[in-house]
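Encoded as structure tokens, the structure appears first; notes follow it.
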Amino acid sequence: MVLIVTVVVMMLSAIPTWYGEDAAVQIAAKGVPTPDVVTLQKTLTEQGIGVKRIDQEANKTVVILNNEAQQTKARSTLMNLMGPKSESQLTLAMEPAAPMWLRDMGFEPIKLGLDLRGGVQFLLDVDVDQVFRAQATQLQDELRMAFRKEGIRGARAELTADDALFVRLPNDEANSQIRHYMKENYPQWQVTNGSGSGLDLVMKEDEKNEIRNMTVQQNLQTMRSRIEELGITEALVQRQGANRIRIELPGVQDPAAAKNVIGATASLAFYPVKETGATMVLPDENGQPVRVSRKPILGGDHIVDARANFGEMGQAEVNITLDSTGGKIMSDFSGRNIGKPMATSFSEYSRDAKGKTVKESKIISVATIQSQLGNRFRITGAGSMEDAQELALLLRAGSLTAPVTIVEERTIGPTLGAENISNGFAALGLGMGLTLLFMAVWYRRLGWVANVALICNMIMLFGLLAMIQVQY
């Protein structure tokens, strides 16, 4: 009885794989409102596009087609229906063709990788040098405060590389004081004597390796969150080498939407506006300089939710929700600075002609703190509604710890994979048929027993492969 139940369950698990997949167009719910099912069906039918069915889910609508060759035409038709702003919402994909009753029972087809299913592959480079520079800049600011606290005049800390500083000191006594300060507070930095009474500070290799590993791991998690926001559930995201990330999106034939979100490096930070102390100048939307503190109040890593809406004046805005730590920081700061201005900074990374990562930051809004803020507030100045929606998506998925650049992009068509699968099934049928025939003719009754065992073994093998849900 146990054997019979096991074979039946494995057979049900294997059946969806035999049905294969249907071409589909996914319409994400976030963005331009999705037309109702009747309108979608009518519009596509008028264009001669055969629709098998339309499934509506919580965060997307899936239009499943009869003919894979009409997939691109269907996407263009839907874009014309919904408007040009819907381009990032429409994604070409492949959906299981198995009956819904099987899928409702939790049975799914075997997950196929890029080689068999087709899709998109990205190779991203994580620029950890920017993280090293941020660490060095923070140390530079701390040293300036230490100079004032210790009463050392004529001292200056200068960045000489992304992971190195040179500290100019007036005398040997100051040299000894800063050496002691570094030993007590920053043991991860190597300190050696430089020219005169100065000191050379270089980040130790062990610390650099640890920062590199943490940075890549955090970016991996952020990438997974961003892909989930796109509604892609079968993506493979893994580390490759020291500071690269490989992303495979099986079944996705249109990389535009995925590329825009995966390669984006936008982030927000909130700064106090101040004229004195450790400050820096950032341009606003009109190119006018705004002087803000070097150290932000908090960054995008504390944002747990972000939603784009229209404000009271019809202007696009982003409603932000912070985690408990970020909410406390914002509450404490705003409570102490009522009546003072706070700036919201928007940053993006790009590469120049020499391949060097360049950070571009601008102030998108400066607002006076009217009352103590909590973990919920809104910002304006993100641009159009489309820009606000894209920014909200990136903030929900998380800000990257370090900027990334897409260094390789490959789109693999499903034709070769489909041909290999077809040839594989043909070879399986021929081999199985010849084996069953030989066993039945040569061994007679015992051969039939062996044939039943062989068929059960094949059913259980396919069923287990589908149940494990690992890409092949």
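The values are calculated or read from the model by the stated rules, or taken from the named source; none is laboratory data. For clarity, every value in this text was computed on a predicted model and none was experimentally measured. Virtual Cβ from ideal backbone geometry, glycine too; neighbours counted across all protein chains shown.
Remarks
Rundown of residues vs (1) at pLDDT 85 or above; (2) β-branched (V, I, T); (3) in contact with an Asp or Glu (Cβ under 9 Å, 6 or more places away or on another chain); (4) in the same structural domain as K359 (by TED's automatic domain parsing), yes/no style:
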| position | (1), (2), (3), (4) |
| --- | --- |
| D36 | yes, no, no, no |
| T39 | yes, yes, no, no |
| Q47 | yes, no, no, no |
| N67 | no, no, no, no |
| A74 | yes, no, no, no |
| L81 | yes, no, no, no |
| K85 | no, no, yes, no |
| L123 | yes, no, yes, no |
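- Failed item in (1) assigned to a strand (DSSP E or B); (2) buried (at least 20 other Cβ atoms within 10 Å of the Cβ); (3) among the hydrophobic types (A, V, I, L, M, F, W, C), with L112 passing the rest: (1)
- When the test is whether a residue is part of a strand (DSSP E or B) and more than 27 Å from the chain's Cα centre (by Cα), L165 passes it.
- Of the residues in the range 339-347, none is at negative phi, part of a helix (DSSP H, G or I), over 23 Å from the mean Cα position of the chain (by Cα) and surrounded by 13 or more Cβ atoms within 10 Å (Cβ to Cβ).
- Matching residues, the range 189-224, being under 32 Å from the mean Cα position of the chain (by Cα) and among the charged types (D, E, K, R): K204, E205, D206, E207, K208, E210, R212, R224
- Any hit, the range 262-285, residues being at pLDDT below 80 and in a helix (DSSP H, G or I): yes
- Set Q253, Q315, Q288: member being at pLDDT 80 or above, farther than 25 Å from R133 by Cβ and more than 16 Å from the chain's Cα centre (by Cα): Q288
- All of G429, G335, G355, G413 fail the test of being surrounded by fewer than 12 Cβ atoms within 10 Å (Cβ to Cβ) and at pLDDT 80 or above, apart from G429.
- Under the condition of being modelled with pLDDT of 70 or more, within 23 Å of the chain's Cα centre (by Cα) and in a loop (DSSP other than H, G, I, E, B), the residues counted in the range 373-410 number 3.
Okay, residues lined up against (1) without any contact (Cβ under 8 Å) to a residue 40 or more places away in the chain; (2) within 26 Å of Q240 (Cα to Cα); (3) surrounded by fewer than 18 Cβ atoms within 10 Å (Cβ to Cβ); (4) under 27 Å from the mean Cα position of the chain (by Cα):
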position: G119; (1), (2), (3), (4): no, yes, no, yes
position: F147; (1), (2), (3), (4): yes, no, no, no
position: E150; (1), (2), (3), (4): yes, no, yes, no
position: E158; (1), (2), (3), (4): yes, no, yes, no
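- Condition check for Q135: surrounded by 15 or more Cβ atoms within 10 Å (Cβ to Cβ), over 30 Å from K359 (Cα atoms) and not hydrophobic (A, V, I, L, M, F, W, C): no
- Counting only residues that are exposed (fewer than 15 other Cβ atoms within 10 Å of the Cβ) and not in a strand (DSSP E or B), the range 189-198 holds 2 of them.
- Selected residue (only one of R103, R153 is over 27 Å from I211 (Cβ atoms), basic (K, R), outside any helix (DSSP H, G or I) and outside the structural domain of R294 (by TED's automatic domain parsing)): R153
- For S13, the conditions (1) surrounded by 18 or more Cβ atoms within 10 Å (Cβ to Cβ); (2) over 19 Å from K111 (Cα atoms); (3) over 28 Å from the mean Cα position of the chain (by Cα) are fulfilled apart from (2).
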